[in-house]
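A.B. asks: My structure is below; once you've seen it, I'll send some questions.
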Amino acid sequence: MHINPYGEYAVQLGVSLFNSPPMTPAELGERCAGGGLVVDTVPSDADLVDTAAFLAEWATVVDAETDVERADILNGLLARASAYPRLTNHAGDGWHMHYRDPNIPLGSVLRALVSVGTALHLTGRGMNRLGRCAAEDCVLVFADVSRTGRQRYCGTVCSNRDAVRRHRARATAGHAH
């Protein structure tokens, strides 16, 4: 049995590729395979360029100020990226759903995968479950998969550093009186 491949891992792959962009087609392929995607084509320079362009568009979903704006932007990405849903056993490892045409380049696969995965993540967990790190000096993005849905930081390093900064600011303010 296959778990739907367009869920959490797809949005997390988008986050990973955005936060740390691959520098070569080979690295793109390795990162995709490491993220759970069956890469059945040789990644090219065009895939690298297409992926970077898509992720720049995808970041506008992250930075949307309202749920409606987020949905509108994501619907545009979905319209350009996805095809009718289809069953496939392309890797010979079990039937599962694809929301893209078969035999397309890796950059186009990622466009469909991350768009659909992001839509499923947001509709399943909450439209606010995608954001940028709250630390002042960080621009990384995160997909909130926490139980409470209150993630504000990209990870524990930024969270801890910001907590120390706030503590020191309070301590300094307390001594100013």
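The values are calculated or read from the model by the stated rules, or taken from the named source; none is laboratory data. Note that the structure is predicted; figures quoted are calculated from it, not measured. Don't worry about glycine lacking a Cβ; one is built from the backbone with ideal geometry, like all the others, and counts go over all protein chains shown. Each accessible area value is taken on the protein alone, full model and side chains, heavy atoms only, with ligands, DNA and RNA left out. Shrake-Rupley method; radii C 1.70, N 1.55, O 1.52, S 1.80 Å.
A.B. asks: Residues of the range 18-58: accessible area per residue at 1.4 Å, in Å²?
C.D. replies: For the range 18-58, the per-residue accessible area is 51 Å².
A.B. asks: Using the alpha-carbon centroid of each, what span in Å lies between the range 137-167 and the range 1-72?
C.D. replies: 21 Å
A.B. asks: Between E57 and Y84, what FRET efficiency comes out of the Förster formula 1/(1 + (r/R0)^6) with R0 = 30 Å and r the beta carbon distance, rounded to 0.05?
C.D. replies: After rounding, the FRET efficiency stands at 0.85.
A.B. asks: May I ask for the Rg/Rh ratio of the range 58-106, computed from Cα atoms with Rh as the Kirkwood radius, given to two decimals?
C.D. replies: Over the Cα atoms of the range 58-106, Rg/Rh equals 1.13.
A.B. asks: With a point put 7 Å past each Cα toward its Cβ, work out how far R161 is from D45 in nm, to one decimal.
C.D. replies: 3.5 nm
A.B. asks: Could I ask something else about it? So what's the net charge close to C154: Lys and Arg +1, Asp and Glu -1, counting the other residues with Cβ under 15 Å from its Cβ?
C.D. replies: 0
A.B. asks: When only C-alpha pairs under 8 Å and at least 6 residues apart count, what is the relative contact order of the chain, in percent?
C.D. replies: 24 percent
A.B. asks: Tell me, what does the Kirkwood hydrodynamic radius of the range 1-113 come to in angstroms if you use every pair of distinct C-alpha atoms?
C.D. replies: Result for the range 1-113, one decimal place: 14.6 Å.
A.B. asks: Another one. Using +1 at the Cβ of each Lys and Arg and -1 at the Cβ of each Asp and Glu in the chain, identify which of A26, A112, C154 lies farthest towards the dipole's positive end.
C.D. replies: Ranked along the dipole, the leading option is C154.
A.B. asks: Follow-up question, since we're still on this one. Shape of the range 136-177 from its Cα gyration tensor (a ≥ b ≥ c, root eigenvalues): rounded if a/c is under 1.5, otherwise prolate when a/b > b/c, or oblate?
C.D. replies: Prolate shape, in that a/c is at least 1.5 and a/b is the bigger ratio.
A.B. asks: For the range 1-146, give the percent of accessible area contributed by carbon and sulfur heavy atoms, probe 1.4 Å, rounded to a whole number.
C.D. replies: C and S fraction of accessible area: 59 percent.
A.B. asks: Between R168 and T123, with labels modelled 7 Å along Cα→Cβ, what's the label distance in nm to one decimal, could you check?
C.D. replies: Here the answer is 4.6 nm between the modelled labels.
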